[in-house]
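The values are calculated or read from the model by the stated rules, or taken from the named source; none is laboratory data. Computed from a predicted model, the values in this text were never measured in an experiment. Heads up, the Cβs are rebuilt from the backbone with ideal geometry, glycines too, and the neighbour counts pull from every protein chain shown. Heads up: the accessible areas ignore ligands, DNA and RNA and are worked out on the full protein's heavy atoms, side chains in. Shrake-Rupley method; radii C 1.70, N 1.55, O 1.52, S 1.80 Å.
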Amino acid sequence: MSNQLDTIAPLREFVVSMTNLVSHEHEEQKLINQGSELLKLLIQTDAWLPEFCTVPHPDFYQQYLLHADPLGRFSVVSFVWGPGQKTPIHDHCIWGLIGMLRGMEKGQRYKQLPSGELVIDGAETLLHQGDIEAVSPAIGDIHVVSNAVADKTSISIHVYGANIGAVKRHTYDPATGSPKNFVSGYSSKQVPNLWDRSAEIRASL
């Protein structure tokens with residue numbers, strides 16, 4: 001369990017659990033189901049999230065990489081939404097999980113008709129702290145997401161079935177449905193150090 005000397009422990013434990021999961025499970029729905037349970041546990045608290053992964057940009061939402069599996073099987077990202085910020089309509093091309101850590105997030109799904117036209121797919125969703133949502137090409141992969149809090153920053157923790165910053169994906173023209181290739185990358189070259197447990201071990205000497 002985590003303690004004051006090892007505040008990042010919940011994230012490290014999540015990464016270890018996800019690594020074990022993707023090492024023995026390959027069926028997408030089971031990855032989504034079991035990964036959701038692990039993510040729900042992680043987002044019960046937020047003290048583990050490093051401060052630099054909580055900083056909004058005045059103009060754009062931010063994507064801070066928390067961990068990328070060295071074999072490319074999953075990644076964990078902190079999405080930081082300033083007031084009024086939103087994504088374009090986009091897809092992911094892989095499975096993904098969204099866990100609400102702070103604030104609230106609105107999402108609207110779309111589907112693309114054989115004609116190429118985009119149409120709204122279901123009602124708008126509202127994620128509160130502790131809520132989980134899943135996306136994938138099999139269950140619905142096109143959506144737009146925005147900060148649902150008018151005057152505060154919101155933060156969600158995303159888990160994807162690849163190194164999401166390096167995945168070729170698509171944004172969609174809302175009028176025509178025409179796709180455009182994009183690669184998201186990340187908002188910082190810095191990643192949290194999950195593996196320095198020296199203070200915890202030193203305190204036990």
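Scanning the stretch 33-46 for residues that are outside any helix (DSSP H, G or I), more than 12 Å from HIS158 (Cβ to Cβ) and open to solvent by less than 60 Å² (accessible area, probe 1.4 Å) yields a single hit, ASP46.
What do you reckon, is LYS180 in a loop (DSSP other than H, G, I, E, B), open to solvent by 50 Å² or more (accessible area, probe 1.4 Å) and on the phi < 0 side of the Ramachandran plot? In short, no.
Assess whether ARG109 counts as being open to solvent by 20 Å² or more (accessible area, probe 1.4 Å), part of a loop (DSSP other than H, G, I, E, B) and either farther than 20 Å from VAL144 by Cβ or at pLDDT 95 or above (or both). No; evaluated as a whole, the condition is false for this residue. Only one entry of ALA134, ALA150 meets the criterion of being over 22 Å from GLY35 (Cα atoms) and open to solvent by 10 Å² or more (accessible area, probe 1.4 Å), and that entry is ALA150.
All of LEU49, LEU65 fail the test of being touching a Leu at 6+ places or on another chain (Cβ under 9 Å), in contact (Cβ under 8 Å) with a residue 12 or more places away in the chain and not in a helix (DSSP H, G or I), apart from LEU49.
In the stretch 50-74, the qualifying residues are those that are over 13 Å from the mean Cα position of the chain (by Cα) and more than 21 Å from VAL145 (Cα to Cα), and the one that is surrounded by the fewest Cβ atoms within 10 Å (Cβ to Cβ) is GLU51. Any residue at all in the stretch 17-26 that's surrounded by fewer than 16 Cβ atoms within 10 Å (Cβ to Cβ) and touching a helix residue (DSSP H, G or I) at 6+ places or on another chain (Cβ under 6 Å)? Yes; the residues of the stretch 17-26 include at least one that is surrounded by fewer than 16 Cβ atoms within 10 Å (Cβ to Cβ) and touching a helix residue (DSSP H, G or I) at 6+ places or on another chain (Cβ under 6 Å). Checking each residue in the stretch 183-200 for being more than 28 Å from HIS170 (Cα to Cα), among the hydrophobic types (A, V, I, L, M, F, W, C) and either in contact with a helix residue (DSSP H, G or I) (Cβ under 8 Å, 6 or more places away or on another chain) or open to solvent by 90 Å² or more (accessible area, probe 1.4 Å) (or both) picks out LEU194, TRP195.
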